[in-house]
Structures are given as C-alpha cells and as structure tokens.
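J.: For reference, the structure I am asking about is given below.
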Amino acid sequence: MIQPTWRHSLSGAGLCLLVACGGDGAGGAPAGGSGAMDGPDFTIAPAFESRWVAGALDGEDWEVFGSIADLVFNEAGDLFILDEQAGHVVAFDRDGVHLRTISRQGEGPGELTDPESISLLADGRLAVFDAGRSGIQLFTPEGEYAESAPFDPTQGAPRGVGAWLSDGSIITNREFVVSGTAEAMSVSSSVGGTGDAPGRPIARYRPDGTRELLYTAWEPPPPTGDAAEASGGSFSFNLSPVRAFDPGLHFAALSDGRLAVVDSSGYRIRLIGEDGAVSEVLERSLTPTPVTNAVRDAERERRLAELEGNRSPTTLSIAGRPDIRMPDDFASQLQEALRARIEEMTFAEVIPAIEALAVDFDDRLWVARTPLPDEEGPIDIVTPDARYLGTIQPGGLRIPDAFGPDGLMAYVDTHDLGYPIVRVVQLAPDPQLRTENRTP
C-alpha cells in the first residue's frame with residue numbers, strides 16, 4: 001500500500017459571510033480539539049494525500065466514463081462508480097485496481113435503463129435506483145444480479161433519491177404519480193408541499209414498494225408575482241414565480257438510520273429518528289447575511305448566465321415512459337419563459353445560513369455555509385452529539401462526492417482534455433476530527 005505524505009489543503013483564508021464568525025482565522029481550537037456549537041469559528045486545515053485517479057480518454061469500457069451519476073465506498077474502501085450513460089457500475093479496490101464491472105445498458109433482467117443512484121446495503125448487496133424502470137435493481141457483493149424491487153407509479157414512486165438507508169429504503173422529497181393511459185396520461189409530480197397539506201414532505205420508500213411519510217419539513221410561503229408561460233402544439237407550461245434565497249431542504253442519513261435535516265434560514269440541523277420524531281437539534285449562533293441590492297443584482301446575473309449556458313430541452317422525460325419530443329418552436333419559448341421568470345423573481349430578506357449538508361463515514365456532519373453569489377463559503381464539521389470540530393475556509397478541502405473509511409474521499413472531476421475522471425484522496429489522521437459516534 002502507498003504510504004501517504006500528508007499535505008495541507010488550505011490555500012488561503014476566505015471571507016466569513018455570517019455574523020459572529022469570531023476567532024483569528026488561524027486556528028484557536030479549544031482544548032480537546034472540539035468546541036461548543038455556539039462558540040466562535042476556529043479554522044482547521046485537514047491534511048490529505050492524493051491516492052489514485054480513474055478515467056481515460058480511450059481504453060477499456062471500464063476505463064472510459066460517459067456520465068458519472070453517483071459513487072459509493074464500502075467498508076473495505078472499494079469504490080463503486082455508476083456510469084449513467086454506459087448503464088453499468090465499475091468497482092475499484094482501495095488502491096485503484098479494477099475489480100469488476102456490474103450490469104450493462106438494456107431492458108433485460110439485471111440490466112439498467114436510466115440509473116441515477118447507488119448504495120451498498122447492510123447485507124453487502126449493491127442497490128441501483130433505475131428511474132427508467134421506477135425501481136431498485138439489486139446485485140450480490142460479487143456483482144451478480146439478485147432481484148428487482150419495483151415501485152408502482154400509479155400508487156406513487158420516488159422521482160429521485162435524496163438519501164439511502166442501509167435496508168435499501170429511499171428517502172426523497174421528490175415524488176410522482178402516473179394515471180390514465182399512454183394516449184391520455186396524467187402525471188402529478190411533487191417537490192415540496194402538495195396543495196392542502198402544508199410543509200415539505202420527506203417520504204421513505206421501502207424496497208417492498210411501500211411508502212410512508214417520514215417527516216414534514218417547514219415550507220416558506222409561496223412566492224408572489226405573475227407566472228411565466230410557454231406553449232406550442234399540445235404542450236403548455238405554466239412556470240410559477242420564484243423567490244431567490246428561500247431556504248432549501250437538505251438532508252443526509254446517519255449510520256444509525258437517523259436523518260439530518262435542514263429546512264430553515266438559520267443555522268439549525270434537526271436529527272430525525274426512523275419514527276419521524278426529532279431526537280436532537282444542532283444550532284450555531286450565526287446570523288444569516290442580509291440580501292442587499294448588490295446581492296440581488298449578482299444573483300440575477302448568475303442565474304441568467306447559468307440559463308444561457310444550458311441547452312434548451314427538446315424532449316420531455318417521465319420515469320417509466322418513452323421520451324416525448326417537444327415541438328420545434330416550444331424549446332425556444334420555454335427558454336424565454338425561464339428568462340422572464342428570472343428577471344421578475346423576488347428575493348427573501350436573508351441568505352440562508354446553510355447551503356449543503358453531508359455525512360461522512362464516521363458520522364461527522366459536513367455543513368457548507370451559503371456564500372454570496374459566485375463565491376465559495378466555509379464548511380463546518382460537527383458531530384451528532386453537538387460538538388463543533390472546526391471550520392474549513394474557502395480555498396480548502398471541499399465536500400466530496402463520496403466518503404469512505406479511513407478518511408478516503410472521492411471527487412468527480414473533469415480532465416484538462418474534457419473527459420470525466422474520479423480522484424480519490426485520503427485524509428490524514430487528525431486528533432481534532434476524532435469521533436467515536438459511528439455505529440458498527
């Protein structure tokens with residue numbers, strides 16, 4: 001095994017955007033390497049070493065990635081990479097040696113149609129959420145097809161995966177229901193509240209196809225303003241108005257089955273048990289940044305630039321159904337409607353404190369704080385028992401696409417020549433980051 005030479009990741013201190021940042025930005029960690037959640041910031045700069053890189057411009061099928069949709073480590077440090085375009089999963093050992101390729105594109109038993117997410121279950125099986133089949137495909141630890149666990153779209157199905165539990169359950173706040181026939185089809189899709197029911201529901205879909213409401217998150221009041229419209233042929237879209245900087249809904253699963261949930265503008269993380277009850281609330285005394293005219297202008301420009309960089313869709317995709325081609329003039333109308341919606345959007349009064357949330361292999365929570373538009377924010381590391389371990393400043397280590405054991409982390413990146421690659425790094429042992437919370 002390669003013996004790492006540990007390197008520090010922090011290249012420079014960034015601007016703290018939240019009031020009560022505190023500290024001198026150059027350390028200041030309290031004795032014992034952790035502090036109270038309501039204490040001031042102290043900077044940490046975890047050291048890491050590059051371990052290996054996967055991905056090539058040309059070569060074997062397992063070497064060349066088309067579109068990497070997801071990746072996950074197992075307890076041994078093997079990495080499983082889902083290539084959505086190729087319709088297969090490629091497995092590497094902890095040193096980057098190719099182990100096996102699992103499944104292939106197709107509609108037969110054990111083949112993948114439109115795979116979006118993967119997880120490794122408590123029994124060692126690989127679970128693949130296949131949106132094209134609206135279900136889960138299960139494979140043995142050796143990569144052989146085991147069985148399918150379909151959802152019934154007429155009764156409700158996940159439209160995406162927010163988190164996995166170790167039994168193969170999917171946690172999601174995106175759902176859909178299909179009714180009618182292919183000629184007269186009706187699709188009801190929900191992201192957040194559904195009319196009469198207040199709040200943003202988070203549902204659990206078990207592998208046996210059953211659904212249960214796990215938790216209802218807080219939902220901001222609806223945006224005000226006029227809707228933007230686009231129509232052409234048999235297509236008609238009514239785009240509701242948007243409000244920038246409304247608090248998002250972020251959640252991630254802990255190893256004991258609890259869910260860490262962020263749903264408000266403040267620095268507040270709720271830990272939800274499998275029974276839906278709140279077991280703990282983690283808070284820091286950080287005041288969200290006010291939204292000024294300069295912030296409004298910068299956010300509007302950022303969204304317009306992002307829209308211009310995205311190609312207008314030409315087909316409508318619905319899980320479990322063939323893609324439907326849109327009329328030629330409809331895509332351009334839709335693009336114009338999206339532009340009008342951005343230009344007329346309203347704004348919340350403050351920027352939410354938290355932008356993203358992830359849980360590592362040791363059950364530490366990596367909490368990305370929201371930056372100003374086109375900037376990078378700091379990342380706090382806290383534990384489920386309310387210990388603040390420190391803050392990684394902008395320019396330092398970022399939240400990876402997958403966490404592994406022994407400090408392994410994987411990032412999806414793009415090579416200088418434009419093809420997808422996966423970089424694997426390993427954190428150095430660090431007394432400040434030690435925790436004994438992970439459940440075996």
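The values are calculated or read from the model by the stated rules, or taken from the named source; none is laboratory data. These numbers come from a predicted model, not from an experiment. Cβ: placed from backbone, ideal geometry, glycine included. Neighbour counts: every protein chain shown. These area figures cover heavy atoms from the full protein model, side chains too; ligands, DNA and RNA do not enter into them. Shrake-Rupley method; radii C 1.70, N 1.55, O 1.52, S 1.80 Å.
J.: Among (1) at pLDDT 95 or above; (2) within 18 Å of ARG423 (Cα to Cα), there is one condition HIS88 misses while meeting the rest; what is its number?
T.: (2)
J.: Please work out if ARG423 is assigned to a loop (DSSP other than H, G, I, E, B), under 21 Å from GLU49 (Cβ atoms) and either touching a residue at least 40 places away in the same chain (Cβ under 8 Å) or not aliphatic (A, V, I, L, M) (or both).
T.: In short, no.
J.: How do the strands (runs of 3 or more DSSP E) wholly within region 154-207 filter down when requiring 3 or more residues that are modelled with pLDDT under 90 and over 16 Å from the mean Cα position of the chain (by Cα): which remain?
T.: 174-180, 185-191
J.: Here is a further query. Does THR314 qualify as being modelled with pLDDT under 95 and either open to solvent by 40 Å² or more (accessible area, probe 1.4 Å) or of a type in the set (S, T, N, Q) (or both)?
T.: yes
J.: Please count how many residues of region 67-92 are among the hydroxyl-bearing types (Ser, Thr, Tyr) and crowded, with 21+ Cβ neighbours inside 10 Å.
T.: Qualifying residue count for the region: 0.
Here's the yes/no breakdown for (1) modelled with pLDDT of 95 or more; (2) out of contact with any Gly (no Cβ under 9 Å at 6 or more places or on another chain); (3) surrounded by 17 or more Cβ atoms within 10 Å (Cβ to Cβ):
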residue: ILE354; (1), (2), (3): yes, no, yes
residue: VAL367; (1), (2), (3): yes, yes, yes
residue: PRO384; (1), (2), (3): yes, yes, yes
residue: PRO394; (1), (2), (3): yes, no, yes
residue: ARG398; (1), (2), (3): yes, yes, no
residue: ASP401; (1), (2), (3): yes, yes, yes
residue: MET409; (1), (2), (3): yes, yes, yes
residue: HIS415; (1), (2), (3): yes, no, no
residue: ILE421; (1), (2), (3): yes, no, yes
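J.: Tell me whether region 245-262 contains one or more residues that are of a type in the set (Asp, Glu) and at pLDDT 95 or above.
T.: Checked against the condition, which is being of a type in the set (Asp, Glu) and at pLDDT 95 or above, region 245-262 yields at least one hit.
J.: Does region 31-45 hold any residues that are modelled with pLDDT under 55 and farther than 10 Å from ARG387 by Cβ, and which are they?
T.: Result: ALA31, single match.
J.: Exactly one of (1) in contact with a Phe, Trp or Tyr (Cβ under 9 Å, 6 or more places away or on another chain); (2) within 13 Å of PHE80 (Cβ to Cβ) is unmet by GLY143. Its number?
T.: (1)
J.: For LEU389, state whether it is crowded, with 19+ Cβ neighbours inside 10 Å and either hydrophobic (A, V, I, L, M, F, W, C) or part of a loop (DSSP other than H, G, I, E, B) (or both).
T.: Yes; evaluated as a whole, the condition is true for this residue.
J.: Anything in region 166-176 that is of a type outside the set (S, T, N, Q), open to solvent by 20 Å² or more (accessible area, probe 1.4 Å) and within 16 Å of PRO207 (Cβ to Cβ)? List them, or say none.
T.: ASP167, the sole residue that qualifies.
J.: Okay, moving on. Which residue is least open to solvent (accessible area, probe 1.4 Å), if the candidates are limited to region 93-122 and must be part of a strand (DSSP E or B) and without any contact (Cβ under 8 Å) to a residue 40 or more places away in the chain?
T.: Of everything passing the filter in region 93-122, LEU112 is least open to solvent (accessible area, probe 1.4 Å).
J.: Considering only residues of region 123-151 that are among the aliphatic types (A, V, I, L, M) and either over 21 Å from the mean Cα position of the chain (by Cα) or at positive phi (or both), which is most open to solvent (accessible area, probe 1.4 Å)?
T.: ALA146
J.: Specify which of the listed residues (VAL64, VAL53) is at pLDDT 95 or above, β-branched (Val, Ile, Thr), over 24 Å from ILE171 (Cα atoms) and open to solvent by 60 Å² or more (accessible area, probe 1.4 Å).
T.: Selected residue: VAL53, the only one of VAL64, VAL53 that is at pLDDT 95 or above, β-branched (Val, Ile, Thr), over 24 Å from ILE171 (Cα atoms) and open to solvent by 60 Å² or more (accessible area, probe 1.4 Å).
J.: Condition first: modelled with pLDDT under 85 and open to solvent by 70 Å² or more (accessible area, probe 1.4 Å). Can you find one or more residues in region 211-222 that meet it?
T.: So far as region 211-222 goes, no, none of its residues is modelled with pLDDT under 85 and open to solvent by 70 Å² or more (accessible area, probe 1.4 Å).
J.: What pairs come out if I take residues in region 211-227 that are closer than 18 Å to SER279 by Cβ and pair them with residues that are open to solvent by 60 Å² or more (accessible area, probe 1.4 Å) and not basic (Lys, Arg) whose C-beta lies under 8 Å away, six or more apart or interchain?
T.: Matching pairs, first to second residue: LEU214/GLU274; THR216/PRO198.
The rows are residues; the columns are (1) among the charged types (D, E, K, R); (2) within 18 Å of the chain's Cα centre (by Cα).
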{"site": "SER240", "(1), (2)": "no, no"}
{"site": "ARG243", "(1), (2)": "yes, no"}
{"site": "LEU249", "(1), (2)": "no, yes"}
{"site": "ALA253", "(1), (2)": "no, yes"}
{"site": "LEU259", "(1), (2)": "no, yes"}
{"site": "GLY266", "(1), (2)": "no, no"}
{"site": "GLU274", "(1), (2)": "yes, no"}
